[in-house]
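Shown next, in structure tokens, is the structure this report addresses.
The values are calculated or read from the model by the stated rules, or taken from the named source; none is laboratory data. Computed from a predicted structure; not experimentally measured. Every residue, glycine as well, gets a Cβ built from its backbone with ideal geometry; the counts of neighbours run over all protein chains shown. In case anyone asks, the SASA skips ligands and DNA or RNA and just uses the protein heavy atoms, side chains included. Shrake-Rupley method; radii C 1.70, N 1.55, O 1.52, S 1.80 Å.
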Amino acid sequence: MRNPVIDIRGLLFAVLVLMTGNGFMPTLLAVRLEGAGAAAPLIGVMASAYFLGLVVGSIRMPRLVREVGHIRLFATVVTVLSASTLIYALWQNVALWTMLRLVDGMCVAGVFICIESWLNHRADATTRGSILAAYMIAVYAGQAAGQFLLKLEGGPMLPFIVSSVLVSLSAVPVLLTKISGPPIHEPVPFSIFALYRASPLGTVGVAITGLVLGAFYGLGAVFARRSGFSFTDVALFVSVVIAGGVALQWPLGRLSDRFDRRLVITFVLAGLAVVSVLLAFASGRLPVLALSGLFGGLAFSLYPLCVAHANDRLTVEEQLSASSVLILAYSAGAAAGPLLGSAVIAGLGAGGLFLFTGALGAGGLAFALWRMARAEAVPEDEQQPYQILPRTTPVASALEPASETSD
């Protein structure tokens, strides 16, 4: 039987190359502005602009796909993203960079919508899990590997040039693909209020995940640099967080399939609070790296756990539309995270980043305990299977193995 991943290897390679080239840009930009003496709130505003662009792009890009087609839109957004990367190298200005990050977020949303539409078009009930797993590996591997481009030597412009080259090259396998562009299906409208009524913990949990990871992606490099890390160590720090996120998602997910999923979510939130506080006061390269891997594992696991918990309380017909709302709730949190996190850093120093994430974990823990006291658990045999999920665009929700929309 032919491996389903073979047929989409070009698309996966495009994602891997693009994430290698663009995935380290938040770290690079934050390091450059921090080195230039920019205040943490200004760096936070710039970081938030990217996630705001991702939200806007997730809403607007599907219409453009229907109007011009997948390949043309992909070529357009990759071209703009590549040009934007070079503009960073020409002028170092916070206001300009904030505008560019907004554009970048919209472009990356367009990239994900095109790729995820193709992948969903090629998936069926028997191959959806394999395709989703391969896609997640490509996203995370590229993001982690790209961090080491921070230490490129040869002048301050070189990382931007290499990033632009990789982003441009990512278009080649897509432009040459023989896979036809699928239609974009509009999910049935599902309001955030209906989602909260169905699953308060799931809704609040994904928003907290967005706040935590948005703050980390936007300001993690600031924390590392102000803690005395070199460029190499900053790259390692971010990569360890991502690697920890990959390593712990599966075992925690399997655990949540066997027990009341709320207990696992409560454990993750409690662990996130404790590890964050330890990170805030940790010193020394090895302790920080060890704790950062655990932080990544807990923070990255929270989103799919909360989505699975929400799905436990929804009908099959509601799950696809609700997943789209959950992704947008995550993105809205991610847009707010750098703004709030940077304000805490400004008041409490570099460790304030993880005091902020620790407070979010503690608040989420209190909410989870309250929900457990108010509502009965979903019986174990009625729980939906846990699935590692991307936090990209609403189109990705159709890649969930439970979805039958493309069959």
* To do: Inspect segment 211-220 for any residue being in a helix (DSSP H, G or I), touching a Leu at 6+ places or on another chain (Cβ under 8 Å) and modelled with pLDDT under 90 and give the result as yes or no.
  => no
* Asked: If we keep just the residues of segment 252-275 that are closer than 22 Å to Y140 by Cα and at pLDDT below 85, which is least open to solvent (accessible area, probe 1.4 Å)?
  -> G253
* Asked: If you check V45, V56, V65, which single one turns out to be of a type in the set (A, V, I, L, M) and at pLDDT below 85?
  -> V65
* **Filtered residue count, segment 101-119, keeping only those that are of a type in the set (V, I, T) and open to solvent by 10 Å² or more (accessible area, probe 1.4 Å)** => 1
* Asked: Listed residues T98, T20; which is open to solvent by 20 Å² or more (accessible area, probe 1.4 Å) and farther than 21 Å from A145 by Cβ?
  -> T98
* Structure fact -> If we keep only residues of segment 80-94 that are of a type outside the set (F, W, Y) and over 22 Å from the mean Cα position of the chain (by Cα), then the residue surrounded by the fewest Cβ atoms within 10 Å (Cβ to Cβ) is L90
* Select from segment 218-248 the residues that are of a type in the set (F, W, Y) and surrounded by fewer than 23 Cβ atoms within 10 Å (Cβ to Cβ) and list them in ascending order. => F229, F231
* Failed condition for A247, given (1) under 22 Å from G35 (Cβ atoms); (2) under 17 Å from the mean Cα position of the chain (by Cα), with all others met? -> (1)
* To do: Say whether the condition of being touching a helix residue (DSSP H, G or I) at 6+ places or on another chain (Cβ under 7 Å) and more than 20 Å from Y50 (Cα to Cα) is met by at least one residue in segment 88-107.
  => no
* **Search result, residues across segment 62-76 that are among the hydrophobic types (A, V, I, L, M, F, W, C), open to solvent by 20 Å² or more (accessible area, probe 1.4 Å) and in contact with a Cys (Cβ under 9 Å, 6 or more places away or on another chain)** => I71
* Could you identify the single residue in A350, A398, A366, A359 that is small (G, A, S), out of contact with any His (no Cβ under 7 Å at 6 or more places or on another chain) and at pLDDT below 90? => A398
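Residue-wise test of (1) outside any helix (DSSP H, G or I); (2) surrounded by fewer than 16 Cβ atoms within 10 Å (Cβ to Cβ); (3) touching a residue at least 60 places away in the same chain (Cβ under 8 Å); (4) in contact with a Ser or Thr (Cβ under 7 Å, 6 or more places away or on another chain).
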residue: A138; (1), (2), (3), (4): no, no, yes, no
residue: Q143; (1), (2), (3), (4): no, no, yes, no
residue: P156; (1), (2), (3), (4): yes, yes, yes, no
residue: P159; (1), (2), (3), (4): no, no, yes, no
residue: S163; (1), (2), (3), (4): no, no, yes, yes
residue: V167; (1), (2), (3), (4): no, no, yes, yes
residue: V174; (1), (2), (3), (4): no, no, yes, no
* Would you pick out the residues in segment 10-37 that are over 20 Å from V103 (Cβ atoms) and either without any contact (Cβ under 8 Å) to a residue 24 or more places away in the chain or outside any helix (DSSP H, G or I) (or both)? -> A36, G37
